[in-house]
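Enquirer: Can you keep this structure in mind? I'll have questions shortly.
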Amino acid sequence: MRYFSNLLSYVEGGGAIFVANGPEYAEPLSIFRTPLEQVLPASPTGTISSTGFVPALTELGRRHPVTQGLEQPGAAPWGRWFRMVDNRVVDGQVLLSGPGEQPLLVLKRAGEGRIAELMSDHVWLWARGVEGGGPYQELLRRSVHWLMKEPDLEEKALSARSDGEDIIVERRSLSGEQATVTVTGPDGSERTLMLNPRANGIAEGRLLATEAGLYRISDGEDETVAGIGPVGGHELSRIMPTDQIVRDVAQKTGGGTFWLEDGLPDIRHPSKQATAAGNGWMGLPQRRASRIEDIAQTALLPAWAWAALLAGLLALTWRKESR
């Protein structure tokens, strides 16, 4: 139980666990009967389904970036799985379902961490190509990367890109509802842009940029940027290396600048008030600052060892004197 308590603390503290359940999850000694019960999203009913079924995307699964697009139009149908742990969702997002629309893949946030449960141990059938197989690599890759908090797989995201003189703003959410964002132009002016729902949880809007520069887009929680105009601009107008920018600051503070192509300068240790640079040398002032972080004391020998040593010395002295 201590081990599972440590796992619980690990998840709630920002860690992640992926669980692929077999029949043992429905047994009395299931990991659901451990402290992990507090974060596991699916509760076993105690029964196992052994009929063949094809995993299916739920309505939420068609919108969620972990499973969105796994079912390609015109592609071969997925192969069947033949075992699943019957369960009830306690708390989580169901992305795949099995027979009777029972939850098959469930994701959940727990504290600062995340957990994913696959209620079957038959994903290997897809890997072996049984009945045509299925997108097992992409499914597992996305699930694990979602657990590792990859930004591209977050359920809610805001992005923007330039298209000629237009800025296209996209907002992804599980609802895909109409949304409003605030666009701040290069001159600091603000405009409101309405994003209209599109397929699979994406809301999109297009804005005509009135001037070149950097535009900031915010929906109140997330923020992104998009640039209009030539790449680089002022930043690329002077690309030759120069020390002029830092030279004045260095000289005002008693320091100097050096070019590595002229060789490394000598290192000296002037006093704190002295100049810290000269012809061919640079100084690192000795500030003689120190800080004690910790003090630890350890006995050379335990008390009983000292007693035994003293007794031995006394016995040796007594014997020598007795002669």
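The values are calculated or read from the model by the stated rules, or taken from the named source; none is laboratory data. The model shown is predicted, which means the values in this text are computed figures rather than measured ones. Cβ coordinates were reconstructed from backbone atoms using ideal geometry, including for glycine residues, and neighbour counts include every protein chain displayed. SASA here: full protein model, heavy atoms, side chains in, ligands and nucleic acids out. Shrake-Rupley method; radii C 1.70, N 1.55, O 1.52, S 1.80 Å.
Enquirer: Using only protein heavy atoms and a 1.4 Å probe, report how much of VAL89 is accessible, in Å² to the nearest 10.
Expert: Using a 1.4 Å probe on the heavy atoms, I get roughly 60 Å².
Enquirer: Can I ask one more? Could you give the dipole magnitude of the chain about its Cα centre, charging the beta-carbon of Lys and Arg +1 and that of Asp and Glu -1, in debye to the nearest 20?
Expert: 1600
Enquirer: For the chain, calculate the relative contact order in percent as a whole number, restricting contacts to Cα pairs under 8 Å that are 6 or more residues apart.
Expert: Taking the mean separation of contacting Cα pairs over the length of the chain, I get 12 percent.
Enquirer: Helix-only mean residue ellipticity at 222 nm, the chain, DSSP H runs n ≥ 4 weighted -39,500 (n - 2.57), per residue, nearest 500. What is it?
Expert: Result for the chain: -5500 deg cm²/dmol, rounded to the nearest 500.
Enquirer: Given axes a ≥ b ≥ c from the Cα gyration tensor, I'd like to know whether the chain is rounded (a/c under 1.5), prolate (a/b larger than b/c) or oblate.
Expert: Judged from the Cα gyration tensor, the chain comes out oblate (a/c at least 1.5, b/c at or above a/b).
Enquirer: Could you order GLU71, GLU101 by accessible surface area, starting with the largest, using a probe radius of 1.4 Å?
Expert: Order by accessible area, largest first: GLU101, GLU71.
Enquirer: Run through every distinct alpha carbon pair of segment 133-221 and return the Kirkwood hydrodynamic radius in angstroms, one decimal place.
Expert: 14.6
Enquirer: Over the chain, average the accessible area per residue using a 1.4 Å probe and give it in Å², no decimals.
Expert: 63
Enquirer: From the protein chains alone at 1.4 Å, what is the descending order of accessible area for HIS122, HIS64, largest first?
Expert: Highest to lowest solvent-accessible surface, that is HIS122, HIS64.
Enquirer: Same structure again: With only Lys, Arg, Asp and Glu charged, each at its Cβ (+1 for the first two, -1 for the last two), find how big the charge dipole of segment 46-139 is about the Cα centre; round to the nearest 20 debye.
Expert: 60
Enquirer: Gain in length, ARG206 to ARG88, computed as 0.36 nm per residue apart minus the alpha-carbon separation, to one decimal in nm?
Expert: Length gained between ARG206 and ARG88: 38.2 nm.
Enquirer: Among MET240, MET84, MET194, what's the order by accessible area (1.4 angstrom probe), most exposed first?
Expert: Largest accessible area first, the residues go MET240, MET194, MET84.
Enquirer: Can you list the GluC sites (Glu not before Pro) in segment 231-323 that are in a DSSP coil and have 15 or fewer other beta carbons within 10 angstrom?
Expert: GLU293
Enquirer: Which GluC sites (Glu not before Pro) does segment 172-219 hold that lie in a coil by DSSP with at most 12 other beta carbons within 10 Å?
Expert: Those that pass, being in a loop and sparsely packed, are GLU177, GLU211.
Enquirer: Mind listing which trypsin sites (Lys or Arg not before Pro) in segment 155-226 are in a DSSP loop and have 14 or fewer other Cβ atoms within 10 Å?
Expert: Passing both the DSSP loop test and the Cβ count: LYS156, ARG198.
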